[in-house]
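A short write-up of the structure that comes next.
The values are calculated or read from the model by the stated rules, or taken from the named source; none is laboratory data. Predicted, not measured: the structure shown is a model, and the values here were computed from it. Cβ sites come from the backbone with ideal geometry, for glycine too, and all protein chains shown count toward neighbours.
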Amino acid sequence: MTNKTFTLTNNTTGASVELPVKTGTLGPDVVDIGALYKQHNVFTFDPGFVSTGSCESDITFIDGEKGVLLYRGYPIEQLAGRSNFIEVAYLLLYGELPSADELASFSSSITHHTMINEGFLRFFNGFHYNAHPMAMVSGVIGSMSAFYHDSMNINDPVHREIFAHRVIAKIPTVAAAAFKHSMGQPFIYPRNDLDYCSNVLNMFFSVPCEPYKISPLAAEALDLLFILHADHEQNCSTSTVRLAGSSGANPYAAIAAGVSALWGPAHGGANEAVLKMLNAIGSVENIPKFVARAKDKDDPFRLMGFGHRVYKNFDPRATLIREMCHKVLKEMGDSNAPLFELALALEEVALQDDYFIEKNLYPNVDFYSGIIYRALGIPESMFTVMFAIARTVGWVAHWLEMIADPAGRIGRPRQLYTGAPLRDYVSVDDRK
Ligand code: ACO
């Protein structure tokens, strides 16, 4: 807390309230309104939490105006260029880059937790063959709480760490099982001789009847996407994990809530929506028609993969993914090249259009991620699941931070009530 204050004046009564101001390491100050209701009988109103900080956090920093994204202080560009997903996961969970020994031990722990109880496989048999993979993943992650009673004491730091390693290790196995179920193919067990991303590819694409060659570029692309998607401070799904977890609910339930929140097209579902949109546009000649629709206030259509609540200049993750997109398409066949050409043409038109310029609508990370996933052979319905694999690390880091915070309280927003005033119950016979 600093000595800074922020003064609010009530125009009706003329009374002034001085509110304390908190300063972080980076970013704007925050006005602490915690005592406003108790002392002054008034709530603040901020639908969508556009100006509201919900917690203190030292995990991730975003400067949306400058297009800056830092994990634990390290720029995303440096991590994307020099680190790997498992090291980034360690950084997000523990706060510092690991020593060589710490990294080896963490990596081994994750590898040795990748198998899932055989009971989970029977869950998949209960899902319809065309169930959306996100529905299966959220259900199965939530049900993990039914398997680990012995290590779910949220007040025990050792139990919390076991949960963290377990869920990060197992989510790719669960995701792969959902994929294999939707393909009607046999489940493939994890392999401990493979790194995290190669193991994901092997569980997704190998079949028992022939050898599968893991493409190093595919593993590299996946690793980059996972790094870029690993955390994004208090986004919708992370806030959902925190809110669900703030009640003391078990952490698997909280992560399942995060998976569900991620599924929406305004959040993690956008990468799937981008591909659907590009398919609907079909060819470059149709771009102006779709751009006109996106600008039409009476048309609910939006350009998927454009705009971001926080980035109002450019999304640094989109820049990194765009480069990888070129690399993957060049090396892994060009069957998706027309789609990428269409995406580039759409990007060019939108970036020169006054509507998009004035509203600061730039391509976000998901504009390109779907094209890479498609080139790797991952179907559209699995895109958000891939995002969930990566974001599990961020969800877990935030859940751990929240649980360990001694000032933590149950999350409970207030409201502006606009319903009927007090009235008496009327018996059904007397109603008009
Ligand atoms: N296409 C057309 N117009 C848009 C778009 C878009 N993609 N995005 C925003 N706008 C317009 C809005 O209509 C609004 O116009 P107005 O001021 O005239 O009413 C203005 O730009 C501001 O948009 P809001 O929806 O108010 O901005 P908000 O911060 O609430 O929403 C969001 C951000 C949800 C990402 C939005 O830009 C969107 O729907 N984009 C498409 C979906 C998408 O790509 N989501 C992925 C986000 S990234 C992620 O989750 C990993």
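If I filter region 226-259 down to residues being among the aliphatic types (A, V, I, L, M) and within 13 Å of the ligand (Cβ to nearest atom), which single residue comes out as farthest from L303 (Cα to Cα)? Break it down into steps so the answer makes sense when it comes.
Of region 226-259, the ones among the aliphatic types (A, V, I, L, M) are 227-228, 230, 241, 243-244, 249, 253-257, 259.
Then drop every residue that is not within 13 Å of the ligand (Cβ to nearest atom), which leaves 228, 230.
Numbers: L228: 22, A230: 24 Å.
Checked region 226-259; the qualifying residue farthest from L303 (Cα to Cα) is A230.
Checking the structure you have, find out if any residue of region 185-198 is part of a loop (DSSP other than H, G, I, E, B), among the aromatic types (F, W, Y) and closer than 20 Å to V140 by Cβ.
Pass one, region 185-198, residues part of a loop (DSSP other than H, G, I, E, B): 185-195.
Pick out the ones that are also among the aromatic types (F, W, Y) and you get 187, 189.
Narrowing further to those that are closer than 20 Å to V140 by Cβ: 187, 189.
Within region 185-198, one or more residues are part of a loop (DSSP other than H, G, I, E, B), among the aromatic types (F, W, Y) and closer than 20 Å to V140 by Cβ.
When only residues in region 260-301 that are closer than 19 Å to P338 by Cβ and among the basic types (K, R) count, which is farthest from the ligand (Cβ to nearest atom)?
Per the criteria, the residue is K289.
Is it the case that region 316-331 has a residue that's near the ligand (Cβ under 9 Å from one of its atoms), under 25 Å from I227 (Cα atoms) and modelled with pLDDT under 95? First the steps, then the outcome.
First pass over region 316-331, keeping only residues near the ligand (Cβ under 9 Å from one of its atoms): 317.
So of that shortlist, the ones also under 25 Å from I227 (Cα atoms) come out as 317.
The next check asks that each one be modelled with pLDDT under 95; those that pass are 317.
Yes - at least one qualifying residue is present in region 316-331.
Considering only residues that are part of a loop (DSSP other than H, G, I, E, B) and touching a helix residue (DSSP H, G or I) at 6+ places or on another chain (Cβ under 6 Å), look in region 330-349 and name the one that is surrounded by the most Cβ atoms within 10 Å (Cβ to Cβ). First the steps, then the outcome.
To start, the set of residues in region 330-349 that are part of a loop (DSSP other than H, G, I, E, B) comprises 332-336.
Subsequent filtering for residues that are touching a helix residue (DSSP H, G or I) at 6+ places or on another chain (Cβ under 6 Å) retains 332, 336.
On the way: M332: 17, N336: 21.
The qualifying residue surrounded by the most Cβ atoms within 10 Å (Cβ to Cβ) is N336.
When you scan region 346-357, how many residues do you find that are within 9 Å of the ligand (Cβ to nearest atom) and not hydrophobic (A, V, I, L, M, F, W, C)?
Step one: list which residues in region 346-357 are within 9 Å of the ligand (Cβ to nearest atom), which gives 350, 355-356.
Then drop every residue that is not not hydrophobic (A, V, I, L, M, F, W, C), which leaves 355.
Looking only at that region, the number is 1.
Quick one: how many residues across region 361-379 are away from the ligand (no atom under 15 Å from the Cβ) and either outside any loop (DSSP other than H, G, I, E, B) or charged (D, E, K, R) (or both)? Walk me through it before giving the result.
Here is the first cut: in region 361-379, the residues away from the ligand (no atom under 15 Å from the Cβ) are 374-379.
Filter once more, keeping what is either outside any loop (DSSP other than H, G, I, E, B) or charged (D, E, K, R) (or both): 374-375.
Looking only at that region, the number is 2.
For region 147-170, check the following and say yes or no: at least one residue is of a type in the set (S, T, Y) and crowded, with 18+ Cβ neighbours inside 10 Å.
No, the conditions are met nowhere in region 147-170.
Looking at M304, is it within 17 Å of A345 (Cβ to Cβ), within 11 Å of the ligand (Cβ to nearest atom) and outside any helix (DSSP H, G or I)? Spell out the reasoning first.
Details: within 17 Å of A345 (Cβ to Cβ): yes; within 11 Å of the ligand (Cβ to nearest atom): yes; outside any helix (DSSP H, G or I): yes.
For M304, the condition - within 17 Å of A345 (Cβ to Cβ), within 11 Å of the ligand (Cβ to nearest atom) and outside any helix (DSSP H, G or I) - is met.
So, A176, is that one free of Cβ contacts under 8 Å to residues at least 60 places away in the same chain, part of a helix (DSSP H, G or I) and crowded, with 19+ Cβ neighbours inside 10 Å or not? Steps first, please.
Details: free of Cβ contacts under 8 Å to residues at least 60 places away in the same chain: yes; part of a helix (DSSP H, G or I): yes; crowded, with 19+ Cβ neighbours inside 10 Å: yes.
Answer is yes for this residue.
Conditions tested, residue by residue: (1) of a type in the set (D, E); (2) crowded, with 20+ Cβ neighbours inside 10 Å; (3) in contact with a Cys (Cβ under 6 Å, 6 or more places away or on another chain).
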site	(1), (2), (3)
D223	yes, yes, yes
L228	no, yes, no
C236	no, no, no
V241	no, yes, no
A249	no, no, no
A261	no, yes, yes
A270	no, yes, no
L275	no, yes, no
Y311	no, yes, no
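Need pairs with beta-carbon distance below 7 Å; first residue over 19 Å from A407 (Cβ atoms) and within region 25-53, second among the β-branched types (V, I, T) and within 16 Å of the ligand (Cβ to nearest atom); sequence gap 6+ or separate chains.
D46/T52
Take V207 and tell me if it is closer than 30 Å to S151 by Cβ, at pLDDT 95 or above and not acidic (D, E). Before the answer, list the steps.
Working: closer than 30 Å to S151 by Cβ: no; at pLDDT 95 or above: yes; not acidic (D, E): yes.
Judged against the criteria, V207 is not a match.
Mind checking whether some residue in region 301-308 is of a type in the set (G, A, S) and over 30 Å from P157 (Cα atoms)?
Yes, region 301-308 has at least one match.
For region 53-165, give me every one of the helices (runs of 4 or more DSSP H) that falls completely inside it and has 1 or more residues that are among the acidic types (D, E) and closer than 30 Å to E220 by Cβ.
Numbers: elements: 76-82, 85-94, 100-111, 118-126, 133-143.
The helices (runs of 4 or more DSSP H) meeting that bar are 76-82, 85-94, 100-111.
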